[in-house]
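The values are calculated or read from the model by the stated rules, or taken from the named source; none is laboratory data. Keep in mind the model is a prediction, meaning the values are calculated, not measured. As a convention, Cβ positions derive from the backbone with ideal geometry for all residues, glycine included, and neighbour counts pool all protein chains shown.
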């Protein structure tokens, strides 16, 4: 699967997670227990995680997602600029706003075709090499940042394998491992999800990225917020806390029913 990345500044991608299926231009219907049988303990735990954030009945109809994504560390002397996202889940149109040095970069593209235009300080770039690289980075940012934010909704995507880890599970927590079958850019990535048995909610995760010699630390998922939708409440963890004090933040999160269509075509339009 595509390697996700923890975000520091500008366009730099570091290390992280991955995403199945979010990049499709048109989304397949979310699975229901009647169409995807819960055949194993891991399936049942994964389904509890999905249901704890609203389940497919809530998430599948959501037409747009709006969020900012940034990280912070104890040594920071200034607030790092976020990546700002707006996604049309039905048509695949995407708007990504970033900062590189003193320049504001806006990328308008489609998650299905990955084609689009890169604007620097409001002007379309004439540098075709820079546009190609930036479109690739923009797509990777979409994959990474959306996975960190919405992973509990992706556990039943095609190619995801779920395994119950009995040796790590306790009376309070179930642990499942997710791996991936020939999907994405780094299918060797693996994730361990630590799930509260009482609520089904994800307490945190660890991951081992393809090519790395060791697994990463336990990262707590906190800052849970509830967002009302026409189909019921959706829940999202807005903080991911590392042992060293680093935090990945999801901010300005919204699940709007409509947006200004110019946001996907006009770099001068403004995200709220």
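Rundown of residues vs (1) out of contact with any helix residue (DSSP H, G or I) (no Cβ under 8 Å at 6 or more places or on another chain); (2) farther than 18 Å from residue 267 by Cα; (3) touching a residue at least 24 places away in the same chain (Cβ under 8 Å), yes/no style:
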| site | (1), (2), (3) |
| --- | --- |
| 53 | no, yes, yes |
| 57 | yes, yes, yes |
| 63 | yes, yes, yes |
| 89 | yes, yes, yes |
| 97 | yes, no, yes |
| 111 | no, no, yes |
Condition first: modelled with pLDDT of 95 or more and either more than 30 Å from residue 255 (Cα to Cα) or out of contact with any helix residue (DSSP H, G or I) (no Cβ under 7 Å at 6 or more places or on another chain) (or both). Now tell me which residues in the range 152-166 satisfy that.
163, 164, 165, 166
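Rundown of residues vs (1) within 20 Å of the chain's Cα centre (by Cα); (2) closer than 20 Å to residue 272 by Cβ; (3) part of a strand (DSSP E or B), yes/no style:
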residue	(1), (2), (3)
81	yes, yes, no
96	yes, yes, yes
99	yes, yes, yes
106	yes, yes, yes
126	no, no, no
144	yes, no, no
151	yes, no, no
158	yes, no, no
168	no, no, no
State which residue pairs qualify: first residue on the phi > 0 side of the Ramachandran plot and at pLDDT 95 or above and inside the range 234-258, second residue surrounded by 14 or more Cβ atoms within 10 Å (Cβ to Cβ) and not in a strand (DSSP E or B) in any location, beta carbons under 9 Å apart, and separation of 6 or more residues or different chains.
252/82; 252/271
Output the number of residues of the range 138-165 satisfying the condition of being in contact with a strand residue (DSSP E or B) (Cβ under 8 Å, 6 or more places away or on another chain) and farther than 30 Å from residue 117 by Cα.
9
